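Working notes for the structure below.
Please treat every number below as a calculation from the coordinates, not as lab data. This structure is a prediction, so every number in the text was calculated from the model and none was measured. Every residue, glycine among them, receives a Cβ derived from its backbone with ideal geometry; neighbour counts consider all protein chains shown.
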Amino acid sequence: MHCFIPRTALCFLVVASTVASATAQERQLSASGEGSVSGGLFGRGEATHLGRSVLNVSGFTDFLFFGYFAPFGGSLESANHDVLDFVFDQQDYFFDRATGVIRTTVTFTGGTGRFENVTGSAELTFFFDSSYYQVAFLLDGSID
């Protein structure tokens, strides 16, 4: 009977550590799509762990034509309305107008539903057309 308690405690620790490592597992996340520019960026696409999804980036887009973009934050929303929120690594971006490409790092800050306590980061690339009214995006990173 004296040995029963330590074995129970040992089993509990093994199960608890297995559950903790399973919930903290890093998972690849990628997304791509296209959309429009209108007081921010709005796009539709596909994303791992979200399926069909919507990209929303709030920010100052009035000076894209001059090679300047100032994002405030963003999110990816799945078809069932689970949201994955992110912030940008900079407040201001100056980019080459000839290419219309912005590359940045975003940090995931949680969200709603299955993304409530998610962390992680990704590289997010925007490709603007020459009129700056259309945008394509690629996201590649991981979530925990």
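Some notes on this structure:
- Debye equation applied to the C-alpha atoms of the stretch 27-143, log10 I(q)/I(0) at 0.10, 0.19, 0.20 Å⁻¹: -0.26, -0.94, -1.04
- Rounded to 0.05, the FRET efficiency of the Phe94 and Phe127 pair, given R0 = 22 Å and the Cβ-Cβ distance, is 0.85.
- Around Gly141: net Lys/Arg minus Asp/Glu count, Cβ-Cβ under 13 Å: -3
- Note on the stretch 57-117: along the principal axes its Cα atoms extend 39, 21, 17 Å, ordered by decreasing extent.
- Looking at the stretch 54-134, the trypsin sites (Lys or Arg not before Pro) that sit in a DSSP loop and have at most 15 other Cβ atoms within 10 Å of their own Cβ are Arg97.
- For Asp129, net neighbour charge (Lys/Arg +1, Asp/Glu -1) across residues whose Cβ lies under 12 Å away: 0
- With the simple model of a label 7 Å out from the Cα in the direction of the Cβ, Ala79 to Leu138 spans 2.5 nm.
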